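Enquirer: Mind looking over this structure? Questions follow.
Read-outs: derived from the displayed coordinates by stated rules, not from any lab. Remember, it's a predicted structure, so these values are computed and weren't measured experimentally. Cβ sites come from the backbone with ideal geometry, for glycine too, and all protein chains shown count toward neighbours.
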């Protein structure tokens, strides 16, 4: 039995928009029509594909179909534009996921470098680099900046380089908390900044430096910009990308806790194994931007 493209499109809209009602608005359908299409697709698959929650999510059985729906939409758009010979073409939404530090430093110039004639609308997700491939695996995104070098099924992986990090603090905080040196005891007592509960960079640094599992007092600041400002204000110390730390260290706004003992995080670009013009152009732009920014 072949799959219905309209049903696949509706399934993707429900997951993307988070509810049947929101998908109905986007597709100019009634919620009843959306529900009927989803039920028909689930009957064809013989599986429950949508987890009816807030927001709606694809089930494990639905993830391959979610990926297929997005791939079909991309290939159909490119084929129709080529057949019509249209210079402008239609807009296509390209979903990608990237770690917050890359997004705040080198990744946006990559998106800006994608030719405008491709008419891509980017849907950018953020997650920790150790977890970004999960959205690729679920079919939510077509590509990911990730720390995982093992390709997700149906994807290609290419090394981008490594993002360097340094442990830094505001000078006044450094003088107060590390007056006796950056010792294991001082590190265990000094407030630390962490981006979110998936962020393990600070703990990795502590383990590398002291060979101990330390658990200092921790602030959670889930914004890269606010994270950097919190360090400058003396709220705590944290790991900052070299791309950001260099200027602040030179200007005296940061003090490095242990010069020469930062971390290097390898990053990879994983994307669908699909011959699509938009994906090829995006990959080229990402690789070029990474080559100029990463180690």
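Enquirer: Convert 37 °C to kelvin, take the viscosity as 0.692 mPa s, use the Kirkwood radius over C-alpha pairs of the chain as Rh, and evaluate the Stokes-Einstein diffusion coefficient in µm²/s, rounded to a whole number.
Expert: Answer from the Stokes-Einstein relation: 154 µm²/s.
Enquirer: Okay, moving on. To the nearest 10 degrees, how steep is helix 5-17 against the longest Cα principal axis of the chain, on a 0 to 90 scale?
Expert: Result, in degrees: 30.
Enquirer: Mean separation of Cα pairs under 8 Å and 6+ residues apart, divided by the residue count of the chain: what relative contact order is that in percent?
Expert: Value for the chain: 21 percent.
Enquirer: Still on this structure: Which percentage, to the nearest 5, of the DSSP beta bridges contained in the range 1-132 is antiparallel?
Expert: 20 percent
Enquirer: Still on this model: Of the DSSP beta bridges with both residues in the range 163-264, give the percent that are antiparallel, rounding to the nearest 5.
Expert: Counting DSSP beta bridges with both partners in the range 163-264, the antiparallel share is about 65 percent.
Enquirer: For the range 194-235, what Kirkwood radius comes out of the mean inverse Cα-Cα distance, in Å?
Expert: It is 11.1 Å.
Enquirer: Moving on. Note the per residue figure in Å³ for the convex hull of the C-alpha positions in the range 37-97.
Expert: 121 Å³
Enquirer: Could you check how many percent of all C-alpha pairs in the range 163-264 are farther apart than 20 Å?
Expert: Roughly 27 percent, rounded to a whole number.
Enquirer: For all pairs of alpha-carbon atoms in the range 1-61, what percent lies in each bin of width 5 Å, listed from the first bin to the last filled one?
Expert: With a bin width of 5 Å, the distribution comes to 4, 22, 33, 27, 11, 3, 0.
Enquirer: In bins 10 Å wide, starting from 0, what share of all Cα pairs of the range 160-221 does each bin hold, as a percent?
Expert: Binned Cα distances yield the sequence 19, 55, 23, 3.
Enquirer: Would you please put 4-14, 156-166 in order of how densely packed they are, using the mean number of other Cβ atoms within 10 angstrom per residue and starting with the highest?
Expert: Answer by packing, highest mean first, reads 4-14, 156-166.
Enquirer: For a quick size check, give me the Cα extents of the range 2-126 along its three principal axes, largest first, whole Å.
Expert: Extents along the principal axes, in whole Å: 42, 40, 24.
Enquirer: How much FRET efficiency would the formula 1/(1 + (r/R0)^6) give for residue 246 and residue 52, where r is the Cβ-Cβ distance and R0 is 41 Å, rounded to 0.05?
Expert: 0.25
Enquirer: Sticking with this structure for a sec: When the helix-only estimate is applied to the chain (DSSP H runs of n ≥ 4, each -39,500 (n - 2.57), divided by the residue count), what is the mean residue ellipticity at 222 nm, nearest 500 deg cm²/dmol?
Expert: Mean residue ellipticity at 222 nm (helix-derived): -13000 deg cm²/dmol.
Enquirer: Consider all pairwise Cα distances in the range 62-209 and report the whole-number % of them above 27 Å.
Expert: 42 percent
Enquirer: Return a whole-number percent for the relative contact order of the range 1-110, with Cα pairs under 8 Å and 6 or more residues apart as the contact set.
Expert: Computed value for the range 1-110: 22 percent relative contact order.
Enquirer: What is the range 163-264's relative contact order, in percent, from Cα pairs under 8 angstrom and six or more apart in sequence?
Expert: That works out to 49 percent.
Enquirer: So what's the angle, to the nearest 10 degrees on a 0 to 90 scale, between helix 63-84 and the longest Cα principal axis of the chain?
Expert: The helix 63-84 is inclined about 70 degrees to the chain.
Enquirer: Let me ask you something else. Taking every DSSP beta bridge with both residues inside the chain, roughly what % is antiparallel (nearest 5)?
Expert: Just about 65 percent of them are antiparallel.
Enquirer: In square nanometres, what is one fourth of the surface area of the convex hull spanned by the alpha carbons of the range 207-295?
Expert: So the Cα hull casts an average projection of 8.4 nm².
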